[in-house]
Amino acid sequence: MISRKNTTALGILMLLSVFNFNIIYGQQTPVFAEYNYNAFIINSAYAGFQEDTEIAISNSGFSKQFEGSPKNFTLSFNTALNDGKVGIGAGFIQDDIGVTSSTNIFGAYSYKIFFDFKSNRPYWQHFTPTVLSFGITGGLQVFKDNLLELGITDDPRFQENVNATIPTVGLGIMFNHDTFFIGASSPNILGDKLASEDNINLESVYYAYLGYRFYTDLFEHTMIKPNALIKQEKGAPLQADFNVAGSFNNKFELGIGYRTNTSLNFLAGFYALKNIRFIYNYNSSNAKDAPIANTHGIAITYKFGKGYSD
């Protein structure tokens with residue numbers, strides 16, 4: 001059990017060391033389950049990538065290690081229109097860490113260009129084989145920093161809470177072939193330029209995402225997918241995730257990954273009926289001095305129509 005005094009000290013440490021003596025907030029890096037099975041959250045170009053409408057919900061950090069430990073909740077949907085040439089979607093993201101919270105609400109639009117390349121994609125993989133997609137998002141971020149809860153009385157920067165509304169505009173691009181995919185995106189290219197408060201210093205976050213698909217008949221209908229996610233944000237070191245996941249007969253999935261801030265990711269999932277997929281994610285930090293230890297997460301997706309069945 002961590003005392004209130006220690007929790008306060010942790011909150012101060014998070015604000016001063018992570019935020020570099022400014023009131024800064026950067027979106028937490030998506031967890032393993034999110035960007036592997038709901039890439040739409042970080043790249044709007046994935047809107048309408050599959051024929052049927054998909055709804056996804058995820059939650060990480062729900063088993064709190066201590067008061068103020070990071071938590072993340074996401075809810076999204078996306079669907080294809082106009083014979084798949086257009087995709088639309090929307091998302092809700094809630095991030096909490098210490099005394100800081102951020103709520104993001106956005107809508108997304110994508111436009112796709114199809115290529116008539118020969119495809120070796122197995123019939124049981126449900127996506128458009130060769131497509132170049134462009135995406136754009138528009139939304140709002142509501143930022144709250146409850147600094148008065150820290151009880152700091154001798155620093156004028158902590159004498160009032162911060163509440164700001166920030167309009168956001170995001171861009172994304174993605175190219176998908178039957179065996180590989182690559183994309184780049186920024187959920188908010190404007191940073192804090194349109195923020196309602198001057199004491200917000202919000203940097204744009206940039207993602208690059210790529211991977212490869214190996215199809216085999218091991219255990220019948222098996223796909224092995226190594227992939228990597230790279231995150232760049234001004235004032236922070238470059239961060240990279242390297243992962244490999246396997247899907248077996250569209251019945252269950254296993255994955256493992258490594259994040260360059262010395263943490264390991266583990267994933268396990270299964271399919272229920274033909275339309276529902278459950279994913280469990282576990283993040284384990286192997287750094288002795290890490291202020292935040294292990295994190296549990298879950299993701300549930302529902303696909304209409306034929307679902308995930310063959």
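Using the structure shown, select from LYS85/LYS193; LYS112/LYS234; LYS71/LYS306; LYS112/LYS306; LYS225/LYS303; LYS112/LYS144 the pairs with a Cα to Cα distance greater than 26 angstrom.
LYS85/LYS193; LYS112/LYS234; LYS71/LYS306; LYS112/LYS144
Fully extended, how many nm does the chain gain between PHE242 and SER309 (0.36 nm per residue separation, minus their Cα-Cα distance)? Intermediate values should be presented prior to the final figure.
Values: separation 67, 0.36 × 67 = 24.12 nm, distance 2.81 nm.
Gain on stretching PHE242 to SER309: 21.3 nm.
For a protection proxy built on the mean count of beta-carbon atoms within 10 angstrom, sort 131-138, 233-240 highest first, please.
131-138, 233-240
Can you give me the distance in nm between label points at ILE105 and TYR280, each placed 7 Å from the Cα along the Cα-to-Cβ direction?
Using points 7 Å along Cα→Cβ, the separation is 3.4 nm.
Every read-out reported here was derived from the displayed coordinates using simple, explicitly stated rules and does not represent laboratory data. Computed from a prediction, not measured in an experiment: that's the story for all the values here. In this analysis, Cβ positions are derived from the backbone assuming ideal geometry, glycine residues included, and neighbour counts consider all displayed protein chains.
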